[in-house]
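The values are calculated or read from the model by the stated rules, or taken from the named source; none is laboratory data. Fair warning: this is a prediction, and the values are worked out from it, not measured in the lab. Cβ coordinates were reconstructed from backbone atoms using ideal geometry, including for glycine residues, and neighbour counts include every protein chain displayed. Ligands, DNA and RNA are stripped out before the accessible areas are found, and what is left, the full protein with its side chains, is counted by its heavy atoms. Shrake-Rupley method; radii C 1.70, N 1.55, O 1.52, S 1.80 Å.
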Amino acid sequence: MDQVTMNAFTDRLGTDNYQKLARINNPKLNQFIWKYVDLCNPASVFVCTDSPRDIQYIRDAAIGNKEEAELAKEGHTIHFDGINDQARDKKTTKFLLPSGVDLGSEINSIDREGGLKEINGILKDIMVGHELYISFYCLGPENSEFTIPCVQLTDSSYVAHSENLLYRQGYKEFVRLGENARFFKFLHSQGELTEVGLGLLVSKNIDKRRVYMDLEDEIIYSTNTQYGGNTIGLKKLAMRLAINRASKEGWLTEHMLVMGVRGSKDNISYFTGAFPSMCGKTSTAMIEGETIVGDDIAYLRKVEGDIRAVNVEKGLFGIIDGINSKDDTLQWKAIQGKNEIIFSNILITEDKKEYWNGKDGDIPAKGVNFSGDWHPGKKDKDGKDIPASHKNARFTFDLSILENIDQNLNNPNGVLVSGLIYGGRDSDTSVPVEEAFDWTHGIITKGACLESETTAATLGKEGVRVFNPMSNLDFLSIPIGKYIDDNLKFGSGIKNPPKIFSVNYFIRDKNGKFLNHKNDKHIWLKWMELRVNNEADAIKTPTGMIPEYKDLKELFKKVLNKNYTEEEYIKQFTLRIPENIAKIDRLTEIFKTRVTDTPKIVFKVLDEQKERLEKIRKSHGDYVLPEDLKNKA
Ligand code: SPV
Ligand code: MN
């Protein structure tokens with residue numbers, strides 16, 4: 001920076017803020033900040049260090065700026081996103097790609113030069129009248145091989161506040177690393193605002209909502225939106241940058257929970273789990289009696305011949321829909337306490353209490369939500385009922401308020417991964433739990449073939465299967481085939497490779513009745529724990545290894561105090577050959593037509609599975625009982 005620019009920069013920031021930045025010796029950081037202060041033109045700038053005073057400043061600003069309002073319970077606040085800004089915007093989320101780079105037709109992109117021109121046009125003077133918050137964070141635990149430092153520029157105090165709850169502070173890390181910091185950069189502006197209810201302000205110019213991602217400079221631009229999935233840089237935006245970086249460096253960025261499952265000898269085995277949304281990911285991570293490391297994003301690295309994982313985050317941006325005192329005891333208790341929680345897009349009653357769909361108690365007769373004043377039966381512009389709270393309404397809090405937090409959350413070495421779980425929503429094909437034969441078989445048939453059926457909760461036809469490899473499709477910043485190949489290669493050179501499992505909480509009988517209770521997932525976890533510790537046998541089937549009845553019976557009794565009948569077991573674990581073959585055919589077609597760089601081994605493994613299925617079909621028919629599968633595969 002020349003002297004004139006430097007003087008202008010200092011003037012603009014004020015002495016205090018300038019001093020805070022001056023402690024970080026990184027010219028690239030200063031250039032980035034200056035470029036966007038100059039372009040976006042905020043009324044003022046606040047640099048947030050890790051100090052409690054600065055963190056409190058942001059909390060106060062969120063109230064003062066009318067992005068959050070205080071609720072009856074101490075520590076609780078409400079934030080609204082605009083009625084058309086309630087979820088991730090896939091349409092206008094695009095990679096800026098230089099010519100010659102192709103991510104495949106499944107991944108949204110725009111020519112880099114044109115995209116940058118467009119976004120710079122939108123950013124010009126976008127922060128006039130707003131304060132700009134500059135915050136520093138670490139993805140992953142501090143001072144570890146996993147750490148990625150990040151800087152966030154945003155004119156939303158709600159976004160900065162959310163990040164303070166969700167991520168580890170990183171100012172000290174920036175000071176420590178100085179010029180050596182290889183950091184991700186996020187620039188966000190909520191743009192012009194309009195009032196919605198309780199005096200709260202939401203983004204007005206949704207037509208100019210953009211999330212543009214530049215892999216080359218590791219910068220993400222987000223404009224005219226407030227919803228967390230579009231704005232909280234360190235969440236799904238950083239995930240795309242990290243997937244790209246990981247691919248170059250030989251590690252993995254996954255859309256995965258990380259949790260501990262207790263064994264019988266006071267030991268804990270760690271699992272990671274990928275589930276598309278609405279498939280039970282958070283409720284799995286939150287199972288009472290086990291421990292949670294993270295519920296959404298994990299980095300996995302090979303360390304001295306083992307696979308180790310960390311939670312990229314330290315907080316939870318959880319779906320609140322349906323949370324009640326009976327089924328979600330841990331989250332319920334956290335909400336009852338005087339904890340710092342940001343609720344978004346739920347209903348607020350006159351006495352400033354919270355209500356969301358599925359909460360204990362009656363629906364209030366009136367209140368205020370993301371649509372403004374609300375009463376039961378209120379319609380949107382298309383004549384459809386507006387629910388009291390949005391399906392995607394959320395609550396944001398620091399994981400440390402949970403009773404089941406794992407002691408290794410901040411361990412710089414992460415946790416040793418004993419098993420990987422892939423969970424889809426599937427009404428008629430996969431058994432509730434199954435172990436893959438080996439790493440390659442697991443990555444291909446469980447991970448890469450992950451599908452989720454659409455539910456009544458989303459628009460369109462129910463029961464349509466959506467292809468979502470590793471539940472990571474929305475976030476891939478490398479071609480799909482390359483990503484599958486990276487996953488396959490990651491398993492090589494491991495001393496004792498983790499086992500790979502599939503789970504399916506949604507299998508139904510012919511009449512559409514669910515074959516499992518919500519709590520049964522606890523049993524599948526306990527069985528996986530036995531398997532990774534070599535404490536249970538399994539039955540080999542054409543699609544993988546399934547539990548023996550006697551082991552499940554014992555676990556059901558011990559864990560849930562339930563009598564698990566052989567009849568239930570047979571219904572749940574019958575091999576459904578026509579459905580399994582249809583799945584293989586469906587996925588083979590997808591890999592052939594939609595994923596042009598599918599590794600050849602994918603087709604081989606799927607073909608072999610189909611052959612095994614056809615062979616057993618000849619001798620045993622379409623539906624084969626577990627008993628008949630013993631030694632037949
Ligand atoms: C998801 O949709 O997978 C989430 C919420 O975890 S979001 O931040 O919107 O991605
Ligand atoms: Mn997620």
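Worth pointing out:
- Paramagnetic reach from Asn519 in region 424-440 [backbone N under 15 Å; point 7 Å along Cα→Cβ]: none
- Acute angle (nearest 10 degrees) that the helix 521-532 long axis makes with the longest principal axis of the chain, alpha-carbon atoms: 70 degrees
- Of the trypsin sites (Lys or Arg not before Pro) found in region 252-309, those in coil by DSSP whose Cβ has at most 13 other Cβ atoms within 10 Å are Lys265.
- Entry note, the chain: the mean residue ellipticity at 222 nm calculated from DSSP H runs of n ≥ 4, each adding -39500 (n - 2.57), is -9000 deg cm²/dmol after division by the residues and rounding to the nearest 500.
- DSSP-defined antiparallel bridges as percent of all bridges, region 182-228, nearest 5: 65 percent
- The label point for Ala87 and the one for Asp362, both projected 7 Å from the Cα toward the Cβ, are 3.2 nm apart.
- Region 116-172 and region 490-567 have their alpha-carbon centroids 41 Å apart.
- Mean separation of Cα contacts under 8 Å (6+ apart) over length of the chain, as relative contact order %: 13 percent
- Between region 4-23 and region 58-86, the alpha-carbon center distance in angstrom: 30 Å
- With the convex hull of the Cα atoms taken as the outline of region 420-504, the averaged projected area works out to 6.2 nm².
- Region 94-149: projected area of the alpha-carbon convex hull, averaged over directions, in nm²: 6.5 nm²
- The Cα trace of the chain gives Rg and Dmax of 24.9, 84 Å, the first to one decimal, the second as a whole number.
- Extension gain for Ser99-Thr10 works out to 28.3 nm (0.36 nm per residue, less the C-alpha to C-alpha distance).
- Point-to-point label distance, Lys461-Ile405, nm (Cα→Cβ direction, 7 Å offset): 4.7 nm
- Ligands, DNA and RNA left out, the accessible area of the chain computed with a 1.4 Å probe is 48% carbon and sulfur.
- Rounded to the nearest 20 debye, the dipole magnitude of the chain is 1040 debye, with +1 charges on Lys and Arg beta carbons, -1 on Asp and Glu beta carbons, and the Cα centre as origin.
- Nearest-20 debye value, region 336-447 charge dipole, Cβ charges on Lys, Arg, Asp, Glu: 520 debye
- In the context of the full set of protein chains, residues of the chain present 41 Å² of accessible surface per residue (probe radius 1.4 Å, heavy atoms only).
- For the chain, the residue among Leu625, Asn108, Pro42 whose Cα projects farthest onto the positive side of the dipole built from Cβ charges is Leu625.
- Convex hull volume of region 167-228 per residue (C-alpha atoms, cubic angstrom): 121 Å³
- Under Karplus coefficients 6.51, -1.76 and 1.60, residue-wise ³J(HN,Hα) of region 369-374 in Hz, glycine/proline x: 9, 5, 9, x, 4, 10
- At R0 = 41 Å, FRET efficiency that the Cβ-Cβ distance of Leu560 and Asp622 yields, to 0.05: 0.85
- Antiparallel content of DSSP bridges confined to the chain, in %, to 5: 65 percent
- log10 of Debye I(q)/I(0), alpha-carbon scatterers only, for region 278-371 at 0.15 Å⁻¹: -0.71
- Rounded to 5, percent antiparallel among DSSP beta bridges of region 140-269: 50 percent
- For Lys124, a cut-off of 12 angstrom between C-alpha atoms picks up these aspartates and glutamates, skipping any fewer than 8 places away in its own chain: Asp38.
- Three semi-axes of the equivalent ellipsoid, region 47-187, Cα gyration tensor, whole Å, largest first: 29, 23, 15
- Region 532-573: C-alpha gyration tensor shape, a/c 1.5 cut-off, then a/b vs b/c: oblate
- Binning the C-alpha pair distances of region 190-278 at 5 Å intervals from 0 yields a P(r) profile of 3, 11, 14, 15, 14, 13, 10, 9, 5, 4, 2, 0 %, listed from the shortest bin outward.
- Selected from Phe317, Thr253, Ser269, residue furthest toward positive end of dipole (region 225-384; charges at beta carbon): Thr253
- Loop-resident GluC sites (Glu not before Pro) (DSSP state other than H, G, I, E or B) in region 339-443 with no more than 14 further Cβ atoms inside 10 Å of their Cβ: Glu350, Glu403.
- FRET efficiency, Asn143 to Ala22 (Cβ-Cβ, R0 22 Å, nearest 0.05): 0.45
- Length gained when the stretch Asp385-Ala538 is fully extended (0.36 nm per residue, less Cα-Cα span): 50.2 nm
- Charge dipole of region 380-446 about the Cα centre (unit charges at C-beta), most positive-ward option of Ile443, Ala393, Gly419: Ala393
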